[in-house]
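Some notes on the structure that comes next.
Just so it is clear, none of the values below were taken in a lab; they were calculated from the coordinates. As the structure is a prediction and not an experimental result, all values here were calculated from the model. Neighbour counts are summed over all protein chains in view; Cβ atoms, including those assigned to glycine, are modelled from backbone coordinates with ideal geometry.
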Amino acid sequence: MNSFTRRGALRALGAGAASLALPAFAAWPERPIKIVVSFPAGGASDIVARVLGEQLARKLGQPVVIDNRPGAGGSVGGLAVTQAPADGYTLLLANSTPLSIGPFALEKQPYDPVESFTHIALVGTAPCVVMANPQTPLKTMADIEKQAKASGRLDFGSGGPASIGHIYGELMRKDMKAQLVHVPYRGGAPMTTDLIAGTIPMGIDVLTAFVPYFKSGQIRPIAVTSKQRSALVPDVPTVVEAGYAGLVLENFFGLSGPAKMPADVVGRLNGATGEVLQDAEFKKKMAELGIATQPTSAAGFAAFVREQVAQLAPVVKGSGVKL
């Protein structure tokens, strides 16, 4: 081999070694990132995704676009993300519905909520609220259990079949060993109308939308489903305080992506999300939605999802609900 060829080969070898030393996705992100939301525009998940996306765009130097794909209990959006390339450019606004509830309410489970995703970062959690028409005698969780057992059944409404409010009611039925019967509605608004009118005695749904009705006295809050009281309704006890520690359940919001995402991309996204969660304005906007921000590691968020799936999947299957 002559000296010219030898020098060329050495340069090529050196360049190859240098390229191998760099992370595979060192330049990530090089183009816009998409966050899929499994709900229509305007709801809590959509708002979280848009506020988070705006902040992440600043941190990562690329636009973040929101893609609303509602349907099938959140599974339409979830499935779209599992089928996307695992390159960090398609993410899911992770939530209890597409991960812990929706897949188990379909005739054929479309994906595994643990194995089909890379769970990246928890953004925060928000409790449900158990509430009643103020003309009923229902003032505590114990009142609910007592009346359901005494009368043989007690109806409750939620935002719809396989909603988190519906599944929480099934958890209560199992825990209390009382006949709580779900009355399905096409969303939280018609359920609220009937609850105020006294058509149904009790309702269960995500807390945020009901605070004005509590303040006006049109609906009576009984308990929030978290371990800690909510800043939105600080006078309302938790289910733990009410003596029902087994009924803790919080809706969550986070970021997930397709399975087997590169570790360096996951680390960058987790770090950027953690920085966003420290921003005072972001925390204020989340608090207005009743969401308590909770920075976690990717491993911590994956463990959180596993625990909630283990808690809810049997309940969803046992409820007999089908989407």
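Cα centroids of the range 248-320 and the range 97-147: 15 Å apart. Read through the labelled values (1) 1.10; (2) 1.01; (3) 1.17 and report the label of the one computed as Cα Rg over 2.2 N^0.38 Å from the structure. Entry (3). Residue ranges 230-243, 196-209, 120-133 sort as 120-133, 196-209, 230-243 when ordered by packing (mean number of other C-beta atoms within 10 Å per residue, highest first). Residues whose amide H falls under 5 Å from that of Ala121, counting only those 5 or more places apart or on a different chain, are Leu255, with hydrogens built in the peptide plane.
Scanning the chain for trypsin sites (Lys or Arg not before Pro) lying in DSSP loops with no more than 15 further Cβ atoms inside 10 Å, the longest uninterrupted stretch between such sites is 1-107. Antiparallel beta bridges, as assigned by DSSP with both residues in the range 111-264, represent about 75 percent of the total such bridges. Across the range 253-282, the residues whose backbone nitrogen lies under 12 Å from the label position 7 Å along the beta-carbon direction of Glu288 are 281-282.
Straight Cα distances below 17 angstrom link Lys146 to the aspartates and glutamates Asp155, Glu170, Asp175, with same-chain residues fewer than 8 positions distant left out. Plainly put, the range 126-192 has a radius of gyration that is 0.94 times its Kirkwood radius, both from alpha-carbon atoms, as the Rg/Rh ratio. For a label point 7 angstrom out from the Cα of Gln311 toward its Cβ, which stretches of the range 148-174 have the backbone nitrogen within less than 18 Å? Residues 162-174 qualify, since their backbone N sits under 18 Å from the label point. Taking the DSSP beta bridges with both ends in the chain, the antiparallel portion is around 65 percent. The average projected area of the range 214-294, computed from the convex hull of its Cα atoms over all directions, is 7.5 nm². Each residue of the range 257-272 is assigned a 3J(HN,Hα), and the resulting list reads x, x, 4, 6, 5, x, 4, 5, 5, 4, x, 5, 5, 5, x, 5 Hz, derived from the Karplus form 6.51 cos²θ - 1.76 cosθ + 1.60 (θ = phi - 60°), x at Gly and Pro. Show which aspartates and glutamates lie in cross-link reach of Lys285 when reach means a straight Cα distance below 19 angstrom and same-chain residues fewer than eight apart are skipped. Cα-Cα hits under 19 Å: Asp46, Glu54, Glu250, Glu275.
Extents of the range 280-323, largest first, come to 43, 25, 14 Å (Cα atoms, principal axes, whole angstrom).
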